[in-house]
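Read through the structure below, which is laid out as structure tokens, and then see the notes.
The values are calculated or read from the model by the stated rules, or taken from the named source; none is laboratory data. These numbers come from a predicted model, not from an experiment. Virtual Cβ from ideal backbone geometry, glycine too; neighbours counted across all protein chains shown.
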Amino acid sequence: MAKGTVAYKILKEHLVSGKLIPGEEIAIRIDQTLTQDATGTMAYLQFEAMGVDRVKTELSVSYIDHNMLQTDFKNPDDHKYLMSIAKRYGIWLSKPGNGICHQVHVERFAKPGKTLLGSDSHTPTSGGVGMIAIGAGGLDVAAAMAGEPFYLKMPKIVGVKLTGKLPPWVTAKDIILELLRRLTVKGGVGKIFEYFGEGIKELSVPERATITNMGAELGATTSIFPSDEITRAYLKAQGREEDWIELLPDPDAEYDEVIEINLSELEPLIACPHSPDNVVPVREIEGIKVDQVVIGSCTNSSFVDLTRAGLMLRGRKVHPDVIFAIAPGSKQALEFITQEGILLDFLKAGARILESACGPCIGMGYAPPSGGVSIRSFNRNFEGRSGTPDAKVYLASPEVCVACAIAGEIIDPRKLAEREGIKWIKVEMPEKFPYGDEAFIPPLPEEEAKSVEIYRGPNIKALPDFDELPEKISGEVSLIVGDNITTDHIMPAGAKILPLRSNIYAISEYVYHYVDRDFVQRAKEVRDQKGKANIIIGGENYGQGSSREHAALAPRFLGVRAVVAKSFARIHHANLVNFGIIPLEFVDKEDYNKFSLGDEIEIPDVIKRLEEGKEIIIINKTTGEEIVCKYNLTPKQVSVLLAGGLLNWIKKKQKVEV
Ligand code: MIC
Ligand code: SF4
């Protein structure tokens, strides 16, 4: 039962209902929330619809870090909306340029022992300071801001025991890449990863945050480190020692499972295109010519990463064939390297300095050339995500990135260091960080906040209304996809599509855009026939990756009422339910093969069967076959589905309470 573990202790302290037994539905109190602009506008539109006067959390922060290109009015309209919402409802606002939400949250707000719910899949980054930090859809975060607890299935708590000591040129990134290599992108579903053992003593908070950040790529619910003296030193340097509490696992803590990694045996690793679990030792793929390199993203852009990278480059130049850039994770990290003179090392080496934002990670600028090789310190390398459909993106530590930038080809940093005479350095924790809080706007006092008017530009469109679940779903198979479909496949981001996040009518035109250009038209034709719905057939780990609820909301708008898959990723599964799409799983995975595009489908007695907890039968009217499906839904999720989605469910509940 994982008693005595850090995760268990925090969950117990926040438990509102349920039992802390793996697989059981629990509800937990949420202390803090975070949103970012690409998911935030929708989250706040939903929050507004809930009719609450002020956020009910201890702290809520609205970050502007994703949608930063501002090629026209759309992004600035969204930003202005978010700024007015923050003022109106008692929320902190982090202005554009202040940094990437997860990096900044760890620096300025994350607190050991607390819970954080964020509308971004990398919210677990804050687990690096010993908090339970979970990524969710915007609607779940809106509900948490309105004071609702967060519902989830109690995960298994997996202890990751780190023994030994990292050799030079092997870093935190290699620890998480090693886990991805062993467990794959679906190995963490339904699990919390809690790190312990001698090896954690060598890892600073930013290094721990790299690991908890990229735990998202395992599909994990979250990842966490204990809060120890290292955490204390970090919070002290952030001027927040009073936020520190000690939070260690009991000596007899029992994990549901234990994985051991001997750090002394690790070597520099790299994830090859197009999946974060496609991991090999760097030395095995040496010699591949490199077109561009970038250090940034919420995974690896802290002062530790930038300091070491800058010092590696000191007195050296980026290879003539390589374009190299840094995107510091936060204004604080940028201020730090400026103050320490390291920014000059990058400039002298010939680097491009990008804004403190997500940028290239989400295809907002700095796309690689056609068929180009890009080495990035990021966390995701899904096909096309960089903005160039045929680019080959590799993921590695900042040290590997710099080595490749100097050599012009993929190279083991140990080899480059020897050749160039570069010494390995340990980056020490400063006594005091430049806090860099100038671009925050604190919440307004309650009385003043009440008179704030919400700004709504033409890019902000109200949410469509959705109907309740019908007793019988009749429709067509309008798409069949394979394993590991990401939310980037379902609802792509990038410079063209990301600015449409506040307008469901416009963004839904791009659902599955790079997978099947005809899908939207097909789906609309089915939707517009009265009483007909679209059904999508998927493989394993359907919907992995981001928390973007647009990957559920836009298909729902196009009339999708059920996705039938071999298995689902956690956040997307929850988002489907929140928007009234039933996630069904094949009892016999071979049944996946019993569907073709355009097959006529009937799903009878849906409500009755869901209410009675019975398997659901899909009748393929074209072939005459009957397919048995199960579902992994809590009682609350069933009632949300019946209502046609979470927003309808909350409104209904409010009516009953009044
Ligand atoms: C991502 O890394 O894919 C994003 C962009 O941060 C998403 C959120 C979004 O789509 O807005 C995530 O990870 O949840
Ligand atoms: Fe931003 Fe990339 Fe991190 Fe997502 S993964 S929050 S896009 S930096």
> If you go through region 36-76 one residue at a time, how many are outside any loop (DSSP other than H, G, I, E, B) and either surrounded by fewer than 17 Cβ atoms within 10 Å (Cβ to Cβ) or out of contact with any Leu (no Cβ under 8 Å at 6 or more places or on another chain) (or both)?
Replying inline: 7
> Scanning for something part of a loop (DSSP other than H, G, I, E, B), in contact with a Pro (Cβ under 9 Å, 6 or more places away or on another chain), touching a residue at least 60 places away in the same chain (Cβ under 8 Å) and of a type in the set (Ser, Thr, Tyr), does region 545-552 turn up at least one residue?
Replying inline: no
> Mind checking whether some residue in region 354-364 is part of a helix (DSSP H, G or I) and more than 16 Å from ligand 2 (Cβ to nearest atom)?
Replying inline: no
> For region 634-658, what are the residues that are of a type outside the set (Phe, Trp, Tyr) and in contact with a helix residue (DSSP H, G or I) (Cβ under 7 Å, 6 or more places away or on another chain)?
Replying inline: Gln637, Val638, Ser639, Val640, Leu641, Leu642, Ala643, Gly645, Leu646, Leu647, Ile650, Lys652
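Could we say that Thr33 is buried (at least 20 other Cβ atoms within 10 Å of the Cβ), in contact with a Lys or Arg (Cβ under 7 Å, 6 or more places away or on another chain) and at pLDDT 95 or above here?
Judged against the criteria, Thr33 is not a match.
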>> Can you tell me which of (1) under 23 Å from Ile176 (Cβ atoms); (2) of a type outside the set (D, E, K, R); (3) within 16 Å of ligand 2 (Cβ to nearest atom) is the one Pro112 doesn't meet?
In response: (3)
> How many residues are of a type in the set (Val, Ile, Thr) and either over 13 Å from Val158 (Cβ atoms) or assigned to a loop (DSSP other than H, G, I, E, B) (or both) when one looks only at region 224-262?
Replying inline: 3
> Looking only at region 555-578, which residues are under 16 Å from Ile504 (Cα atoms), buried (at least 24 other Cβ atoms within 10 Å of the Cβ) and touching a strand residue (DSSP E or B) at 6+ places or on another chain (Cβ under 9 Å)?
Replying inline: Pro555, Val560, Leu576
> Among the residues of region 346-366, which ones are surrounded by fewer than 20 Cβ atoms within 10 Å (Cβ to Cβ), in contact with a helix residue (DSSP H, G or I) (Cβ under 8 Å, 6 or more places away or on another chain) and of a type in the set (Gly, Ala, Ser)?
Replying inline: Gly365
> Residues Ser301, Ser356, Ser297, Ser330: which one is within 16 Å of ligand 1 (Cβ to nearest atom) and more than 21 Å from Thr171 (Cβ to Cβ)?
Replying inline: Ser356
>> farther than 13 Å from Ile571 by Cα and within 16 Å of ligand 1 (Cβ to nearest atom): is that true of Gly99 in this structure?
In response: yes
> Just a yes or no: is a residue in region 308-317 within 23 Å of the chain's Cα centre (by Cα) and either closer than 19 Å to Thr388 by Cα or of a type in the set (D, E, K, R) (or both)?
Replying inline: no
> Can you tell me which residues in region 366-412 are in a loop (DSSP other than H, G, I, E, B) and within 12 Å of ligand 2 (Cβ to nearest atom)?
Replying inline: Ser377, Phe378, Asn379, Arg380, Asn381, Phe382, Arg385, Ser386
